[in-house]
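The values are calculated or read from the model by the stated rules, or taken from the named source; none is laboratory data. These numbers come from a predicted model, not from an experiment. Note: ideal-geometry Cβ built from the backbone for every residue, glycine included; neighbour counts use all protein chains shown. Surface accessibility is based on the protein's heavy atoms, side chains included, excluding ligands, DNA and RNA. Shrake-Rupley method; radii C 1.70, N 1.55, O 1.52, S 1.80 Å.
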Amino acid sequence: MMGIQTYGQEWISSFQLDYSVKTLNYDTNQSVIPQLVFPSRTYDNSFSLKNNSISGSSFFIGMGNDINFKNNIITTSISLGFHSYQYGMTIYNTDSLNVFSSDSSLTSLGDQEIWNGISNSKTNQFEVNKIVPTIRFSLGFKREILRFKSLVPVVEAGMQLERRFNTSTYDSIVLYPSYPYVYSILNNQFNHRNFLFLPYVGAGLRIGPHTLGARLNFGMSRVDDGLGVLNLSENYFQINYSKVVGLNKIVKEQVIYDEYQFLALAKSSEYRKGDKYSFMSIGFTPTQRLNYELNNPFIIEEVFDNDSLTNVVQGNSVTPAVNLGFSFNTYATHRWMIGLGFDFYQEFYNTYGYVYDSISGTTTNYEVGENPNFNENIYSKFTRNVMFAPSMNSAVYFSKRVLKIDPYIKGTAAFLVNYDTPSFLIGNQKLNSLAIFSYYRIGLGADVRLRVKSSKYLMFGFMVDYNINPHMNFVQYSIKMGYYRKKKIKNQTY
């Protein structure tokens, strides 16, 4: 069987990196009403929150495909990365506060006097750092200006579609760091819109398989979801690099022998070298936790089931976990797989302590239940933080040939781009001494392949990892789903 193509075409696959700095425009008059918790009560309508400054950057890693018709190129790509924002905020007092202390056992200061101390020390001015994980799809057009040996300047234009994820929607800022504490609750104030369209124009220079370029992206709409403190839009300057990792050419009178392809594929399918394997892992939250005791217990009067109780928070428990991860790999040998990926690393925080009923004189101890990411105890306060962690992955398979159930040993090293230390751990000597917050996973796993078509497979698997974490070491179980592609042999088109 023979197929004939009457035109010349190149299909180019490339590995891509890009870094962006942003120009951010926001409404300087926009403000919202935050909730502030004082020793005597919680104020819902006595303060305003305003943004004073903002800066941002982003980093993405991805794969692209270019279809080259002579000097005209259609480009597509998919990238995974994050946007990083630094907000400069100020909270203003807009209404009168309690002058007298409502509980002399807690403090002799009234709320107004405490607020005066906050204003004088300027702790009502603070910064909030947010990481926004993002999936980016791109479609565009390139035009080669000229070709001089291996140098090819190009111009381009196109459209990017971003899907942003608001993974950390709870923020609590401590304004009065010494006892009795005063803190603000800024729920959902920094949420982004889920989908954004970003047209771009740019230019680049290709030198052999390497391309270095620059783009100017124009925001078509607001970035925030309309309910937060900002009326924000953004443009950004993007520097990108790509390297060709695959090139398929279809030229005139190309002959394809299908029967030979199937025979060769049947022989090579027993082994792994050169194959590609990308997968998503979903981890089950472990039950292990590490308790950090407060030097000074946090005491607050709260109402539970119409009963006023004194809640004495003695400390906070931390449960680290990797609940979602992505990995993009290739097989360097028939047994050894290597690749890059990223995790959405999470930390679950729960308070523990006791509540005191002054009427009955009873004391009830409490702590988090078996599931750290679900608030099973009405007295315990639950929060979580999701952070972006690039990773390096490797695995060695027990068998040189592919088995129906394929076991392996694995290792992963990951580091956090910007570890967001929770307020109760600020000043912790152990964490402050870390140059980089990194963690490691060593474990076992097994794969099961389901053929979809020819050399393409759906993959399912199970993993158990021993996690080495700066907080503590723990065991975590995960399942994974992925896509497996056998190495293409000569003239393969399916």
Go from 0 up to the bin containing the longest alpha carbon distance in the stretch 139-219, width 10 Å each, and give me the % of pairs per bin.
15, 25, 19, 15, 13, 9, 3, 0
Calculated FRET efficiency for the pair Arg163/Glu302, C-beta based, R₀ 41 Å, to 0.05:
0.60
Length gained if Val21 through Ile405 is fully extended, taking 0.36 nm per residue and subtracting the Cα-Cα distance, is 133.6 nm
Using the heavy atoms of the protein chains and a 1.4 angstrom probe, tell me the accessible area per residue for the chain in square angstrom.
50 Å²
Loop only by DSSP, 10 or fewer other Cβ within 10 Å of the Cβ. Give me the chymotrypsin sites (Phe, Trp or Tyr not before Pro) in the stretch 402-432 that pass, ordered by residue number.
none
Rounded to the nearest 10 degrees, the helix 111-121 long axis (Cα) sits at an angle to the longest Cα principal axis of the chain of 50 degrees
Stretch gain in nm, segment Tyr179-Tyr440, where the contour uses 0.36 nm per residue and the Cα spacing is subtracted
90.3 nm
If you roll a 1.4 Å probe over the stretch 371-459 with all protein chains in place, what percent of the accessible area is carbon or sulfur?
61 percent
Between Ile33 and Ile135, how many nm apart are label points set 7 Å from Cα along the C-beta direction?
3.8 nm
Distance in nm between pseudo-label sites at Ile61 and His210 (7 Å out along the Cβ direction from Cα):
1.9 nm
The chain: C-alpha gyration tensor shape, a/c 1.5 cut-off, then a/b vs b/c:
oblate
Helix-only CD estimate at 222 nm, as mean residue ellipticity for the chain, using -39500 (n - 2.57) per DSSP H run (n ≥ 4):
-1500 deg cm²/dmol
Calculated FRET value between Asn116 and Asp420, using beta carbons and R₀ = 35 Å, to 0.05
0.70
What is the gain in length, in nm to one decimal, between Asn428 and Ser454 on full extension, counting 0.36 nm per residue of separation less the C-alpha to C-alpha distance?
3.8 nm
Crossing angle, helix 258-268 versus the chain [Cα axis fit, 0-90 degrees, rounded to tens]
50 degrees
